[in-house]
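The values are calculated or read from the model by the stated rules, or taken from the named source; none is laboratory data. Predicted model, so just to flag it, every value in this text is computed and none were measured. Heads up, the Cβs are rebuilt from the backbone with ideal geometry, glycines too, and the neighbour counts pull from every protein chain shown. We work out accessible area using only protein heavy atoms, side chains counted, and drop any ligands, DNA or RNA first. Shrake-Rupley method; radii C 1.70, N 1.55, O 1.52, S 1.80 Å.
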Amino acid sequence: MNRDELVAFLDEYLQISAYPDKSSNGLQVEGKAEVERIAFAVDTTLRTIGRAAKAGADMLIVHHGMIWGGLGYITGVHYRRLKALFDAGINLYAAHLPLDAHPEVGNNVGLLRLLGLEPKEPFGEYRGTTIGFLGEFEEPQPIEKVAQVIAEKLDTTVKTYEFGEGKIKTVGAISGAGAFALEEAWRKGIDLLVTGEFTHADYLTALDLGISVAVAGHYKTETLGVKALMEVVKEKFGIEAFFIDAPTGL
């Protein structure tokens, strides 16, 4: 199909222009005008670009692109990644916050649905917009059971910090580095924040606020959005698409 038609659909479906973001979302690097095969991945690296090229992809759609607010010097890793894209004629499309926040295919609704929860309301204000969601169990659940479900369904290790109640009723989900929302979670009475990574300072904040946290890995919590978007694109356009799994262990 025509690249520009696909980009126009993605821009509208993901509401690319609605989110103030460090990432330059949308078509970051222009490649072939006609797209027959699309690769989806979490990150833009030489590894993912190389695997996309080897598999004959004409476009790579990612959560973490390679342009964050503009380009500086085209040297080092930036040169190597761009050259790999240009050599293969691959289009690079990035959707960062728009893919976190999307109400249908977003990372954060995906995290809640792993637990059998539907989004109850938006949660997690970041840069003036809300990118996460919260859900609620009908009956309180042990934190160990919640963590086990996430670990099994994401095929990851989940680290829990039990600073609140032992039973979990309300869950807030923000993939990746979502600990910025700890104080908002406290104000909203959320029992458990599910996120991807956790720092020393985050630990101390959660401890003082008395909020439990489940940390499932930055990479793993952000595979959900690109996979869900891939299925939408495949169904709508009947185009061949595949996911490149390139875990970092982080």
**Message:** Condition (residue is in contact with a Gly (Cβ under 6 Å, 6 or more places away or on another chain) and of a type in the set (Lys, Arg)) applied to region 148-156: is it met by at least one residue?
**Reply:** no
**Prompt:** Given the conditions (1) at negative phi; (2) more than 19 Å from the chain's Cα centre (by Cα), which single one is not true for residue 62?
**Reply:** (2)
**Prompt:** Of all helices (runs of 4 or more DSSP H) completely enclosed by region 57-136, which ones contain at least 1 residues that are small (Gly, Ala, Ser), open to solvent by less than 10 Å² (accessible area, probe 1.4 Å) and touching a residue at least 12 places away in the same chain (Cβ under 8 Å)?
**Reply:** 97-101
**Prompt:** Among the residues of region 23-56 satisfying the criterion of being in contact (Cβ under 8 Å) with a residue 24 or more places away in the chain, over 18 Å from the mean Cα position of the chain (by Cα) and assigned to a loop (DSSP other than H, G, I, E, B), which is nearest to residue 239 (Cα to Cα)?
**Reply:** 36
**Asked** If we keep just the residues of region 3-39 that are in contact with a Pro (Cβ under 8 Å, 6 or more places away or on another chain) and not hydroxyl-bearing (Ser, Thr, Tyr), which is surrounded by the fewest Cβ atoms within 10 Å (Cβ to Cβ)?
**Response** 18
**Complete:** Exactly one of 217, 238 is touching a residue at least 12 places away in the same chain (Cβ under 8 Å) and on the phi > 0 side of the Ramachandran plot, and that residue is 217
